[in-house]
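The values are calculated or read from the model by the stated rules, or taken from the named source; none is laboratory data. Bear in mind the structure is a predicted one, so any value in this text is a computation, not a measurement. Heads up, the Cβs are rebuilt from the backbone with ideal geometry, glycines too, and the neighbour counts pull from every protein chain shown. When the accessible area is computed, the model is the full protein with side chains, heavy atoms only, and any ligands, DNA or RNA have been set aside. Shrake-Rupley method; radii C 1.70, N 1.55, O 1.52, S 1.80 Å.
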Amino acid sequence: MVVLGIDTSCDDTSIALYDGHRNRVLSNVVSSQYEFHSPYGGVVPEIAARKHAENIDLVFQEALKVAGLEVRDIDLVAVTRTPGLLPALLVGLTFGKGVAFLGNKYLKGVHHIEAHLFSPFIGKEPVYPFLGLVVSGGHTLIVEVRGMGNYRVIGKTLDDAVGEAFDKVAKLLDLGYPGGPVIDRIFREFEGEYLLLPKPRVPGFNYSFSGLKTAVRRLVEKGYDKFSVAASFQKTAIDYLLSKLMKALKETGINRVAVSGGVSANSYLRKALSELEGVEVLIPEIDYTSDNGAMVAYIGYRKFLLEGGDGLDIGAVARSPL
Ligand code: KG4
Ligand code: ZN
């Protein structure tokens, strides 16, 4: 079964083709819009929607070309319908519905966070139970997963998402957008001593990143070197992510973790995870860390097998829980 996966939830126009039976990604094309949002230091929803509308057919044609397929080869259209920026989601969903309607194909609406959650398993079969750590620009969650559709969110951020904190800190330090990759590069090249930043105190497995951002602002105002501030922020933020994750693993007795989302590309996080003992760690290939169509096709295909397809009347929803 050939599955088309579409994601336009934020600022990347992402389309993939995926062979469900063989569990193989045939193409995964992403058109990034960061240069258009960069001057604003964050994503502007109307610009995102307009760029998606301009690019989506080109990205689709490119994905078909790379996969060596034609529109008629597609059996199922899987498309992100929630959560995300509403004008942006609408472009992908409408396009997906068009492909499904005109070609008489199945349609499946996908939850963006659920797609990230399973992205470490692309090319493999999911194994349960696992703790999912979803770390992106919009979300920071620890989820206890006992089966497909069987989720319990046991921790989440009470304010900023961790990726958002990277982006805001980069903006404070005048490093450009998106902040994660720039700060990560500075961290890798940094050889000095880390500055002391407070680790936020929040009960349970929840997170908070706003205090860390304020602490960074104070260091900037005091005139500290921006490279040591950036590197120290990354060290503190990732250590903090990991400390709560370790606590959650211990308290749930689960010894398998699947880390996903844009921040799972972080080099320090990946290195620290690879050194964990007694825990099976699953982490997506770099191409599947940030928003991509492959993760949408992967989960869409599996949910389609479990639940069947959706009607053409499904709508886009800006916010919805996992
Ligand atoms: O998953 P994603 O592409 O989009 C959302 O669904 O939000 O995540 C984007 C986020 C951005 O905040 C970006 O700064 C962050 O992921 N990011 C990183 C790295 N690469 C991307 N954060 C830390 N280190 C990285 N290497
Ligand atoms: Zn995402």
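Remarks
- Length gained on full extension, GLU193 to LYS124: 20.8 nm, using 0.36 nm per residue less the C-alpha separation.
- Crossing angle, helix 210-221 versus the chain [Cα axis fit, 0-90 degrees, rounded to tens]: 50 degrees
- Using 0.36 nm per residue and subtracting the Cα-Cα separation, the extra length available between ASP287 and SER267 on full extension is 5.8 nm.
- Relative contact order for the chain, counting Cα pairs under 8 Å that sit 6 or more residues apart, in percent: 25 percent
- Each principal axis of the Cα cloud of the stretch 260-320 was evaluated for its coordinate range; sorted largest first, these ranges are 46, 24, 21 Å.
- Surface exposure of the stretch 126-283, expressed per residue as accessible area with a 1.4 Å probe, stands at 45 Å².
- For ARG188, the shell of other residues with beta-carbons less than 14 Å away shows a net charge of +1, using +1 for Lys and Arg and -1 for Asp and Glu.
- Ranked order, THR13, THR252 - accessible area, probe 1.4 Å, largest first: THR252, THR13
- Applying the Karplus relation 6.51 cos²θ - 1.76 cosθ + 1.60 with θ = phi - 60° to the stretch 180-192 yields 3J(HN,Hα) values of x, x, 5, 5, 4, 5, 4, 4, 5, 8, 6, 10, x Hz, where x marks Gly and Pro.
- In the stretch 99-152, the trypsin sites (Lys or Arg not before Pro) that fall in loop regions by DSSP, at most 13 other Cβ within 10 Å: LYS124
- Taking every C-alpha pair closer than 8 Å and separated by at least 6 residues, the mean separation divided by the residue count of the stretch 1-124 gives a relative contact order of 30 percent.
- Global form of the stretch 183-242, assessed from the alpha-carbon gyration tensor, a/c cut-off 1.5: oblate
- Prolate/oblate/rounded label for the stretch 120-218 (Cα gyration tensor, a/c 1.5): prolate
- In the chain, the calculated helix contribution to ellipticity at 222 nm averages -13500 deg cm²/dmol per residue, counting -39,500 (n - 2.57) for every DSSP H run with n ≥ 4.
- Label-point separation, VAL44 to LEU158 (7 Å along Cα→Cβ), nm: 3.5 nm
- Using the Karplus relation 6.51 cos²θ - 1.76 cosθ + 1.60 with θ = phi - 60°, the per-residue 3J(HN,Hα) values for the stretch 245-255 come to 4, 4, 4, 5, 4, 5, 6, 8, x, 8, 10 Hz, with x marking Gly and Pro.
- Summed residue charge, Cβ within 13 Å of LEU305's Cβ, Lys/Arg positive, Asp/Glu negative: 0
- Computed over the stretch 126-283, the range of Cα coordinates on each principal axis works out to 49, 28, 25 Å, biggest value leading.
- Legend: calculated FRET efficiency, GLU221 to ARG22, from the Cβ-Cβ distance at R0 = 56 Å, rounded to 0.05, equals 0.50.
- As computed over the chain, the Cα convex hull volume per residue (Å³): 123 Å³
- Total charge dipole magnitude, the stretch 156-297, about the Cα centre, Cβ charges on Lys, Arg, Asp, Glu only, Debye to nearest 20: 500 debye
- For ASN104 and ARG256, the FRET efficiency from 1/(1 + (r/R0)^6), where r spans their Cβ atoms and R0 equals 41 Å, is about 0.55.
- Backbone geometry of the stretch 87-104 corresponds, through the Karplus equation with coefficients 6.51, -1.76 and 1.60 at θ = phi - 60°, to 3J(HN,Hα) couplings of x, 6, 4, 4, 5, x, 5, 5, 4, x, 4, x, 4, 5, 5, 5, x, 6 Hz, x marking Gly and Pro.
- Short-range pairs are left out: with C-alpha atoms under 8 Å and at least six residues apart, the relative contact order of the stretch 126-283 is 27 percent.
- Within the shell defined by Cβ-Cβ distances under 10 Å, the residues around PHE130 carry a net charge of 0, with Lys and Arg each +1 and Asp and Glu each -1.
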